[in-house]
Amino acid sequence: MKRIGIILIFVFSIIVNVYFGFQKAGFHEDEYYTYFSSNRTMGLYQPDRQWQDRQTILDEFVVKPGEGFRFGLVRLVQSWDVHPPFYYYIFHTACSIVPGVFTKWTGIITNLLAFALCFWILYLILERLRVSVGMQAAALLFYGVNPQIISCNMLIRMYAWLSLFVALCAYLHVRMVQEEEKENSERKFFIGHMLPIMIVSYFGFLTQYFYLFFFVAIGVSYSAYVVFWKKNLKRGILYVSSCAVSLLLAVISYPASVRHLFGGYRGSEAAGSIFDLGNTFMRLSFFTDLLNDFVFGGFFYLIVILLLVMVIASYISKKVIQKSDGSRQISQKDSFGPEYIILTLGTIGYFLLTAKAALLVGSASNRYEMPAYGLIIIIVFASFNLVFNLKTDTKNIRKIRSYTITIVFAAVVFLLIKGININDRVLFLYREDTEKIEYATQNSEGVAVVMFNPATPHNVWRLTDELLEYRKVFYMDEENLDKLTEPEIVDATRITLYVADDDYQEEAINNLMDSVELTNISQLFSEDMWKTYEIY
């Protein structure tokens, strides 16, 4: 019966995520990079004063028939930039299964696969932490339908898969702490615990370098526990050396990672930010506010205060009960055990290090902390579960737990409705793009002109879903003010014009207007770095 309830929550979570998949109408510019860097053919280019047909553009974002599963090219393209390749292998595989097709669903389904696995790993962690059935259900419901977990699944980047490997690493460490007493043989300990951690960390590192933040944080916590608390220096050395070997193997298999981490522009930026103590309070405040607003509906600080008060009250009442009548013997499982503490320290470490290193891009910065969000959710629910165990005597435990779970579920439903419906906190849907794409579709046979900024021609990517609606588009360098002579432009009866931000924007538009017979121009849409006009 318990498993059926969890399965129903899982199915419901998938349905809700798929529903929002249908709502997704556009793409973040980094999502276009996912398609391009996984599937490129010749490389995107914008030829000045030339036409480019739809197929030429499309070929850079899809796998062409007969060119699937080119993992060597995927690896090479990532080495040119600042990313490890494993997520792109997965995404390229999905695109290779449906060659020639550009669709959001290859990305969403790829993410949902990681989400499904992560959901059950978090369930296993809750089991390991001995969380009650009702609290497990509440935690997994809050996780599966949380607006930021949905956002993670809607963003066609590597963060859903990073979340999976972070959760796997967390589970393996919790299991290792709980079972290490059974492993007297270092050989059995290595095979049963260290080898799985090494495998997960190998792939985690090759998915996103931010995996290192969690691996280091939980690794330091476990090492301190096993060396200073358990007094087992030999096992501590085995653990640290095994972790180092897994990362070394990852670096050997992808040497470009060294340059990415220590020489690439993102590695240098992240390192500079981490060691800049002056920005610490600002960054921690920024990311904690994101957690509060986008994950917990504005109630995170209140939840933390309530939890701290209850923990203090619970331990006080625990002492009183033991001193007065001894009516309840607190068992070892009812305390904050080492596995719970190590998991919490690892999660906090990831959150803090990521807050120091990640880009500050408004609400979109949530993506960097998404791997921690799932763990934070289950830690909060596990903490409340443990507090209720400490606080409640055996006589009234069933009645009070029943009331408690009812209140918790009501709070979960309220926070989810507030986050999804009232505050509209599901990100990366771009519903506002619907009107733009509909306009492009209606004018797909007409003349479309794209004026690009020669300093940032790659920003044409931001228009991809619109440009793919046209039969062909005409590119113009905004800073080339030579008079236009292209017959199809000069003789056009209507033009859809996309203009990038540039100092010469006004001159470029005037040059176009002087070259055609049309006299009227009106702005249709505006988005980051681009404006759309209709000339008639």
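The values are calculated or read from the model by the stated rules, or taken from the named source; none is laboratory data. All figures in this text were calculated on a predicted structure; none of them were measured in a lab. Virtual Cβ from ideal backbone geometry, glycine too; neighbours counted across all protein chains shown.
The sole residue among THR485, THR456, THR493, THR434 that is of a type outside the set (Gly, Ala, Ser), surrounded by fewer than 15 Cβ atoms within 10 Å (Cβ to Cβ), closer than 19 Å to GLU517 by Cβ and touching a residue at least 40 places away in the same chain (Cβ under 8 Å) is THR493. Kindly indicate which of PHE215, PHE205, PHE189 is in contact (Cβ under 8 Å) with a residue 12 or more places away in the chain, touching a Pro at 6+ places or on another chain (Cβ under 9 Å) and not charged (D, E, K, R). None of the other options fit; the residue is PHE205. The residue of segment 279-301 that is surrounded by the fewest Cβ atoms within 10 Å (Cβ to Cβ), among those that are of a type in the set (A, V, I, L, M) and closer than 19 Å to TYR143 by Cα, is LEU291. Residues in segment 275-292 that are modelled with pLDDT of 95 or more and of a type in the set (A, V, I, L, M): MET282, LEU284, LEU290, LEU291. Scan segment 200-250 for residues that are among the β-branched types (Val, Ile, Thr) and closer than 30 Å to LEU359 by Cβ and jot them down. If the condition is that a residue be among the β-branched types (Val, Ile, Thr) and closer than 30 Å to LEU359 by Cβ, then VAL200, THR207, VAL216, ILE218, VAL220 are the ones that fit.
The residue that is surrounded by the most Cβ atoms within 10 Å (Cβ to Cβ), counting only those in segment 231-245 that are in contact (Cβ under 8 Å) with a residue 12 or more places away in the chain and not small (Gly, Ala, Ser), is TYR239. Per the listing VAL447, VAL413, VAL490, the residue uniquely closer than 17 Å to PRO47 by Cβ and modelled with pLDDT of 95 or more is VAL447. GLU506 falls short on exactly one of the conditions (1) within 34 Å of the chain's Cα centre (by Cα); (2) part of a helix (DSSP H, G or I), and that condition is (1). No other residue among ARG235, ARG175, ARG187 is of a type outside the set (A, V, I, L, M, F, W, C), more than 17 Å from the chain's Cα centre (by Cα), over 30 Å from ASN111 (Cβ atoms) and at pLDDT 95 or above apart from ARG235. Look at (1) assigned to a helix (DSSP H, G or I); (2) in contact with a Cys (Cβ under 9 Å, 6 or more places away or on another chain); (3) outside the structural domain of TRP161 (by TED's automatic domain parsing) and you find that TYR373 fails only one, number (3).
Please find, within segment 280-297, the residue that is nearest to the chain's Cα centre (by Cα) out of those that are in contact (Cβ under 8 Å) with a residue 40 or more places away in the chain and either over 17 Å from TYR368 (Cα atoms) or assigned to a loop (DSSP other than H, G, I, E, B) (or both). Once the filter is applied, the top-ranked residue is PHE296. I'd like to know if segment 431-448 contains one or more residues that are in a helix (DSSP H, G or I) and aromatic (Phe, Trp, Tyr). Yes, segment 431-448 contains a residue that is in a helix (DSSP H, G or I) and aromatic (Phe, Trp, Tyr). When the criteria are applied in full, GLY72 meets the requirement of being of a type outside the set (Asp, Glu) and free of Cβ contacts under 8 Å to residues at least 24 places away in the same chain.
Selection of segment 218-229 for residues being surrounded by fewer than 17 Cβ atoms within 10 Å (Cβ to Cβ) and free of Cβ contacts under 8 Å to residues at least 12 places away in the same chain yields ALA224, PHE228. A single member of GLU517, GLU534 is more than 30 Å from the chain's Cα centre (by Cα), assigned to a strand (DSSP E or B), over 30 Å from GLY21 (Cβ atoms) and among the acidic types (Asp, Glu), and it is GLU534.
Per the conditions (1) surrounded by 11 or more Cβ atoms within 10 Å (Cβ to Cβ); (2) in contact with an Asp or Glu (Cβ under 9 Å, 6 or more places away or on another chain), the sole criterion not satisfied by ASN520 is (1). Every listed requirement among (1) surrounded by fewer than 16 Cβ atoms within 10 Å (Cβ to Cβ); (2) farther than 30 Å from VAL226 by Cβ; (3) small (Gly, Ala, Ser); (4) modelled with pLDDT under 85 is met by GLY264 save one, (1). Look through LEU155, LEU112, LEU122, LEU140 and report the one residue that is more than 14 Å from SER13 (Cβ to Cβ), of a type in the set (A, V, I, L, M) and in contact (Cβ under 8 Å) with a residue 12 or more places away in the chain. Among LEU155, LEU112, LEU122, LEU140, only LEU155 is more than 14 Å from SER13 (Cβ to Cβ), of a type in the set (A, V, I, L, M) and in contact (Cβ under 8 Å) with a residue 12 or more places away in the chain. Does SER317 meet the test of being assigned to a helix (DSSP H, G or I), modelled with pLDDT of 95 or more and not aromatic (Phe, Trp, Tyr)? Against the criterion (assigned to a helix (DSSP H, G or I), modelled with pLDDT of 95 or more and not aromatic (Phe, Trp, Tyr)), SER317 does not qualify.
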